[in-house]
1. Go through Gly293, Gly284, Gly243 for me and flag whichever is modelled with pLDDT of 95 or more, crowded, with 17+ Cβ neighbours inside 10 Å and either part of a strand (DSSP E or B) or within 9 Å of ligand 1 (Cβ to nearest atom) (or both).
2. Would you tally the residues in the range 167-179 being closer than 21 Å to Gly145 by Cβ and part of a loop (DSSP other than H, G, I, E, B)?
3. Residue check: is Asp235 of a type in the set (D, E, K, R), within 16 Å of ligand 1 (Cβ to nearest atom) and either modelled with pLDDT under 95 or more than 30 Å from Glu49 (Cβ to Cβ) (or both)?
4. Quick one: would you say Leu101 is under 30 Å from Asp448 (Cβ atoms) and open to solvent by less than 10 Å² (accessible area, probe 1.4 Å)?
5. Answer with yes or no whether Cys199 is within 16 Å of ligand 2 (Cβ to nearest atom), under 21 Å from the mean Cα position of the chain (by Cα) and open to solvent by less than 50 Å² (accessible area, probe 1.4 Å).
6. Among the numbered criteria (1) in contact with a Leu (Cβ under 6 Å, 6 or more places away or on another chain); (2) open to solvent by less than 10 Å² (accessible area, probe 1.4 Å), which single criterion is violated by Tyr121?
7. Inside the range 133-159, can you point out the residues that are within 16 Å of Leu170 (Cβ to Cβ), among the hydrophobic types (A, V, I, L, M, F, W, C) and open to solvent by 60 Å² or more (accessible area, probe 1.4 Å)?
8. Taking the range 246-280 only, how many residues are open to solvent by less than 30 Å² (accessible area, probe 1.4 Å) and either outside any strand (DSSP E or B) or among the small types (Gly, Ala, Ser) (or both)?
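The values are calculated or read from the model by the stated rules, or taken from the named source; none is laboratory data. Bear in mind the structure is a predicted one, so any value in this text is a computation, not a measurement. When we count neighbours, we look across all protein chains shown, and the Cβ atoms used for this are built from the backbone with ideal geometry, even at glycine. Surface areas here come from the heavy atoms of the whole protein model, side chains and all, with no ligands, DNA or RNA. Shrake-Rupley method; radii C 1.70, N 1.55, O 1.52, S 1.80 Å.
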Amino acid sequence: MTEHYDIIIIGSGAGGGTIAHALSESPAKILILERGDFIPQEDENWNPEAVWKHLRYQTSERWVDDRGTEFRPYTHYCVGGNTKFWGSVLYRLRREDFGELEHMEGVSPAWPIDYETLAPYYERAERLYHVRGNVGEDPTEPPHGPYPYGPVAHSDGMSEIVEELRRQGLHPSALPLGLLRPGDPGGCILCNTCNSFACKVHAKSEADVCAIRPAVQRPNVTLWTNACARRLFTDASGRRVAGVEVERNGRIDRVEAPLVVVSCGAINSAALLLRSADDAHPRGLANSSGLVGRRYMAHLATMMQGFHPLRPNHTVFQKTVAINDFYLRGPSTDYPLGQIQSQGRTHGVMAQTVVPWIPVWAYDAWVSRGVDWLVMSEDLPSPDNQVTIDGKGRIQLVYRPNNTRAHRKLVALTRRMLRRLGFWLVVKHSHGARNTTHQCGTLCFGTDPRTSVLDPFCRSHDIENLFVVDASFFPSSAAVNPGLTIAAQALRVADHIKETELRWTGD
Ligand SMILES: Cc1cc2nc3c(=O)[nH]c(=O)nc-3n(C[C@H](O)[C@H](O)[C@H](O)COP(=O)(O)OP(=O)(O)OC[C@H]3O[C@@H](n4cnc5c(N)ncnc54)[C@H](O)[C@@H]3O)c2cc1C
Ligand code: SF4
């Protein structure tokens with residue numbers, strides 16, 4: 001029997017979880033489809049071996065690259081999606097990111113909305129995800145009222161580094177972080193297994209804890225876990241989605257609703273629309289522009305570590321410092337370079353994944369004397385960087401990094417900065433084209449249906465009752481972490497849906 005709802009939301013991560021939370025306050029009958037399950041609270045949550053060696057929580061699915069070579073993507077299918085494993089660095093885009101920006105190797109296109117349009121939703125998203133930060137330190141910060149909570153204090157070791165960076169003429173600022181009640185009983189214990197781990201005590205601000213669990217308390221919201229949307233199907237007109245074909249408990253079911261919100265993550269949402277091709281939409285659903293799956297971006301990211309053999313690093317929670325001095329221009333260039341953040345502590349087992357023959361005790365000795373950083377630059381939307389479905393039905397990800405000169409410059413600047421901090425050696429590592437953590441851009445939003453897939457409220461130009469609220473809508477990747485922007489836009493879309501689609505509810 002086909003079940004009927006008012007709204008179906010596919011995916012429960014940053015976009016899906018947030019919009020489910022916002023729409024749950026309306027009387028609409030909502031079904032959330034999530035292909036994964038809840039992550040159990042268990043010791044393995046914080047066990048580097050379980051997470052990094054045995055890949056306990058990572059999908060076992062295989063995708064293929066541009067050469068057709070299979071790989072196991074670094075992505076997580078579970079309630080809360082990738083937010084369960086994020087570092088919870090929750091940034092607003094810079095005001096300049098919303099306009100057109102000239103980069104070293106091309107142009108980062110303008111968004112169809114400006115910073116001021118999203119600012120009130122950023123504020124709401126910061127409240128929902130308990131963001132802690134400090135206004136007034138960051139030279140690139142857009143207009144911003146006080147954060148809901150004050151910043152997480154730097155450790156003694158990081159405070160010394162911050163002072164030294166100031167002496168270098170830089171402007172280090174507090175990283176905005178989503179953490180629940182740090183230091184309070186039952187709250188965040190500021191441990192060294194946050195980024196890439198699930199929080200065993202549920203004190204990380206992520207979509208499962210902050211959005212989905214409160215939403216499903218309401219009688220109008222139903223969550224199906226282990227329920228994978230295989231395809232969307234349209235009505236006879238071909239202009240409306242009629243429902244979703246779902247694989248669940250080994251069966252294929254159909255569910256129907258007058259409104260469907262897709263939020264499977266930028267790669268899987270594009271894949272879902274492509275897999276929904278039918279006679280009326282042979283190139284895939286919502287694809288009159290031919291852009292579904294194209295313009296994939298993921299940031300250029302390099303992990304760097306400053307090492308000093310005689311200086312043990314006693315910091316436990318290290319992820320508190322940002323350096324945005326080179327975000328919009330570098331010391332010897334007028335082009336944007338990107339952002340530098342301190343990172344969570346590297347564990348020996350994590351480092352061993354890079355060169356497996358070196359014993360873990362050697363890595364442990366090494367990382368106990370290292371301070372970790374993430375260097376991140378914007379990549380530019382290229383139609384050739386693309387998600388497609390191959391002949392065997394697998395996701396194919398074609399990605400050739402661009403704007404790499406700017407990134408190399410930022411890596412060189414960071415190396416110099418770390419050497420000036422007194423580190424003897426600076427090492428770096430990048431996952432390159434396989435790094436999908438900040439995936440975005442595959443269904444970009446805009447005003448022109450010929451050059452965008454979604455309108456500025458993330459509604460499909462082609463299919464009037466279809467919205468997409470995950471990272472797909474980004475026209476450019478900017479160079480800060482994407483999560484808060486996804487959540488803010490999901491809240492904006494929820495308001496729009498309430499105003500335009502749910503008026504009949506009296507909401
Ligand atoms: C280790 C790690 C650290 C990160 N750190 C940060 C950080 O500090 N700050 C930040 O801003 N960002 C960070 N990110 C990125 C951030 O997690 C993502 O940008 C964000 O989660 C994307 O939100 P989304 O809604 O697009 O997709 P997701 O959060 O990935 O959610 C997609 C959901 O859809 C489900 N799904 C997929 N396909 C289907 C289907 N066919 N049917 C049903 N369900 C489906 C998935 O299971 C998943 O739950 C990090 C990511 C990782 C992996
Ligand atoms: S306790 Fe705090 S630092 Fe540790 S995983 Fe949870 S949220 Fe992150």
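1. Gly243
2. 3
3. no
4. no
5. When the stated conditions are applied, Cys199 passes them.
6. The failed condition is (2).
7. Result: no residue meets the conditions.
8. 12
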